[in-house]
1. What pairs come out if I take residues in the range A:284-295 that are free of Cβ contacts under 8 Å to residues at least 60 places away in the same chain and pair them with residues that are part of a strand (DSSP E or B) whose C-beta lies under 9 Å away, six or more apart or interchain?
2. When you check B:ASP312 against the structure, is it over 22 Å from A:HIS287 (Cα atoms) and in contact with a Leu (Cβ under 8 Å, 6 or more places away or on another chain), yes or no?
3. Exactly one of these conditions fails for B:ILE116: (1) of a type in the set (A, V, I, L, M); (2) surrounded by 24 or more Cβ atoms within 10 Å (Cβ to Cβ); (3) more than 11 Å from every other protein chain (Cβ to nearest Cβ). Give me its number.
4. Within the range B:404-434, restricting attention to residues that are more than 7 Å from chain A (Cβ to nearest Cβ) and under 12 Å from B:ILE466 (Cα atoms), which residue is surrounded by the most Cβ atoms within 10 Å (Cβ to Cβ)?
5. Among (1) crowded, with 18+ Cβ neighbours inside 10 Å; (2) within 24 Å of the chain's Cα centre (by Cα); (3) assigned to a helix (DSSP H, G or I), there is one condition B:LEU365 misses while meeting the rest; what is its number?
6. When residues of the range A:80-120 are filtered for being touching a residue at least 40 places away in the same chain (Cβ under 8 Å), in a loop (DSSP other than H, G, I, E, B) and over 22 Å from the mean Cα position of the chain (by Cα), how many remain?
7. When the residues of the range B:137-167 are filtered to those that are of a type outside the set (A, V, I, L, M, F, W, C) and assigned to a loop (DSSP other than H, G, I, E, B), which remaining residue is surrounded by the most Cβ atoms within 10 Å (Cβ to Cβ)?
8. Please go through the range B:100-113 and give me each residue that is within 14 Å of another protein chain (Cβ to nearest Cβ) and within 14 Å of B:ALA207 (Cβ to Cβ), ordered by number.
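The values are calculated or read from the model by the stated rules, or taken from the named source; none is laboratory data. Small disclaimer: the values here were computed from a predicted structure and weren't measured. Glycine also receives a Cβ, built like all others from the backbone with ideal geometry; neighbour counts cover every protein chain displayed.
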Protein chains: 2
Amino acid sequence: MSLFEDLQQVVGEEFVLSGEEATPFLTDWRGRFTGKALAVVRPANVEEIADVVRLCQQYVTPIVTQGGNTGLCGGATPGNKGDAVVLLTNRLNNIIAIDTDNDTITVEAGCILQTIQTAAEEVGRLFPLSLASEGSCTIGGNLATNAGGTQVVRYGNARDLTLGLQVVTAEGEIWNGLKGLRKDNTGYDLRDLFIGSEGTLGIITAATLKLFPKPQAIRTALLAIKDVDAAVHVLSVLKQGFGSLLTGFELISSFCIESVRQHLPTVKIPFEVNKSPWYVLIEISDHEDQDHANQLVEKVIGNAIEQGVVQDAIIAQTVQQSNDLWHIRESIPFAEIKVGKGIKHDIAIPISQVSAFIEQTNALLQERFPGVQHIVFGHLGDGNLHYNVGAPDGQEEGFLDLQKEMNTIVYDSVARFDGSISAEHGIGQLKKDILPDYKDEIGLALMRKIKRALDPNAILNPGKVISSVELY
Amino acid sequence: MSLFEDLQQVVGEEFVLSGEEATPFLTDWRGRFTGKALAVVRPANVEEIADVVRLCQQYVTPIVTQGGNTGLCGGATPGNKGDAVVLLTNRLNNIIAIDTDNDTITVEAGCILQTIQTAAEEVGRLFPLSLASEGSCTIGGNLATNAGGTQVVRYGNARDLTLGLQVVTAEGEIWNGLKGLRKDNTGYDLRDLFIGSEGTLGIITAATLKLFPKPQAIRTALLAIKDVDAAVHVLSVLKQGFGSLLTGFELISSFCIESVRQHLPTVKIPFEVNKSPWYVLIEISDHEDQDHANQLVEKVIGNAIEQGVVQDAIIAQTVQQSNDLWHIRESIPFAEIKVGKGIKHDIAIPISQVSAFIEQTNALLQERFPGVQHIVFGHLGDGNLHYNVGAPDGQEEGFLDLQKEMNTIVYDSVARFDGSISAEHGIGQLKKDILPDYKDEIGLALMRKIKRALDPNAILNPGKVISSVELY
């Protein structure tokens, strides 16, 4: 029997895809990475996943786990050899349990993020992980990449929202760490090791996640500020004034909003963009009521305006107005596409250094590539910038050829500021080869030791995160 | 040269202790564990720690790292062979940096927890880790054991409060993971693997920790409730009403408070203890002001009383009254000592199951050991109970001999409720031998693989957490 036939026996013929049926799963959604595979399998449950892994172990065949295929670094796309099995989690899409007294929800890895958000809301709770692809990404992928999003400033990233995991190991065993406990000091933190390991240490098959009380009122405001230093100052003032009610703090350059205005005319922009060089979009989640939220927002933002740290503010008065403000922020990546080819950097910098980082890095780029456009926005509350670079006007041709040199300038600058070259998107294939240039080498050596210990035959998503060449 | 002489050369003669000088570091503070050591060394900095580790690697000599010697499971006490080096971190007691714009503090491992709290307060920030031994425990020990404490319901445990670590590996290399980033998805989560590993995977030498805005007002209240089910219900009501302002939620049985009243007469107890079988001590941290805190507390607790879920409430009106209420809670362990020998269990249970757990486990214990006393209190907001058992009146003699059988009854019950046999104190020596009875065996096998990968000669705190016998 061949592996293909063995797989058919384990998961059923109709759930082993090849040829045209398999094609959609061999390319990432942005079309940046394309690979080949021996088969695409769709196991029904954790036992079938364990069976598939044991088979692949037997045939020493790579396994690439894929959720909603919404990753940004090619972590879920197979390589070019055609020797891999792509394992889809989308049939594991059950919500296993909701426990409102424990404030937990237990879900299978293939659940769509939005489904989990909705299930939480239906029982009067909030599951706060929120990101652009929430309608199609799976929680398994969110956990494998330790996804971030827009509410990290208050609730943390995917790792912080997770209490327990079920994982299939490289040996095809099922680790039952699916506990709903907020404290458990019985040994090493396997949970957090699997989270963020991008399918290279184990396959996450289910998770127990934290729920929070649903806020009684949400307020959104757009603040005009004079520079990034002021934004950092505003963050401090708002953290003091709103405490843990501050659930969103997004920095946006006027260039980003101007791009939205020019290229996406249906997006409502109810202000004169060029009156301020920078904006901050903030969100408050209030557990009391609408009146309290209104009063607090007026008081805290009013103070910030009086102190001169905020120049002007638009406070959304209705849910529609709030959605409109968020829609501007969410439209930036689409406006970027219209502006032309861009070179993106998902980076993190200590918040206190963000202003100096932007100033110095912009200058370095202008010196080397005069006229490039700076498309800077991101989750300043977490020090996470989307520091993107657009071609100078009329010089689109060949711009992407500059990517490598440009990345070096940006990432070298990130390193000087003790930052991270991947804040929330992970490493995948995209940054695997440059990781050794920026990661502490002792840390990298520890990662390789762990990889070798947990996956000695390197069958789990080989060539992602850690370069296979370095591994053995 | 001998190891002893080599150590003297590396850290200086006066910092290598033996004989009587070494004695205090060979017994844990409660006197439960006593061991022997070749030497007790006090390196001055991370480089000297790395040197010590390389020496011990060369001589294949065990290293037991010790902070404030306040652990509860013997994790920092050497074994009986006398072949180990005890490494004290207390000379690494510098606060390296405070960054208020980034809301981080970077400290050496030997810093006393209270010193860090005070340093944060001096710059208008809160470092929320808070526990009974804060005046003498070190942050290194807090991280090695992933300490919990009284504010976990809002701020999480030590792991949740940490952004970056510096660690000396088993090879005596220095891993520089001392970053102040809230997002960093560049590879495996080494940080959280070292946190909670009790010195068996590496030696934590410094950490970058999160700071929070200092609350403007803190309110404390003691609520009388009719049973544990009601306490779980109250938790839900208060989480809804206070949101993230709820920073403490401690369940206390009236038996505990009555013990304090009887045995510690200087502790003020401004109410009739026996009027209610259970109490909940709550704390609110308000970022607005005193008036808002007062109004909110009155509103939310008033509602809970109207709904009948809370029978009665004492709301502290002054800081002194608040301290008095906390003093009752903090006096329980001392009253326990006066009551007589007790058998302690630091456990976690899903919050929704706590009531059933207590009822069933109490019944099992009464059946087997009629008349034992139930001393139950703990951090219900995290599902963490200190489920302690006292001797029946007048039957102290030989009570501790029942410990093993009693532990089995309690821990078997914990397992049936998907709980944890160590919520916040760790494993150390105390629970090492029973861990395999309660931990998923796939999880244990993964732990052993990681231990072997990172510390192949088992020189880092051998015989703690994982039984050495099982390891090789």
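1. Close Cβ pairs satisfying both conditions: A:ASP291/A:ALA217.
2. Yes, satisfied.
3. (2)
4. B:GLY428
5. Unmet for B:LEU365, out of (1) crowded, with 18+ Cβ neighbours inside 10 Å; (2) within 24 Å of the chain's Cα centre (by Cα); (3) assigned to a helix (DSSP H, G or I): (2).
6. Of the residues in the range A:80-120, 9 are touching a residue at least 40 places away in the same chain (Cβ under 8 Å), in a loop (DSSP other than H, G, I, E, B) and over 22 Å from the mean Cα position of the chain (by Cα).
7. Residues of the range B:137-167 that are of a type outside the set (A, V, I, L, M, F, W, C), as a first pass: B:138, B:140-142, B:145-146, B:148-151, B:154-157, B:159-160, B:162, B:164, B:166.
Retained after the next criterion (residues that are assigned to a loop (DSSP other than H, G, I, E, B)): B:145-146, B:148, B:150-151, B:156-157.
Working: B:THR145: 30, B:ASN146: 23, B:GLY148: 27, B:THR150: 24, B:GLN151: 24, B:GLY156: 20, B:ASN157: 26.
Of everything passing the filter in the range B:137-167, B:THR145 is surrounded by the most Cβ atoms within 10 Å (Cβ to Cβ).
8. Start the filter on the range B:100-113 by keeping residues that are within 14 Å of another protein chain (Cβ to nearest Cβ), which leaves B:100-106.
Hits for the range B:100-113 are B:THR104, B:ILE105, B:THR106.
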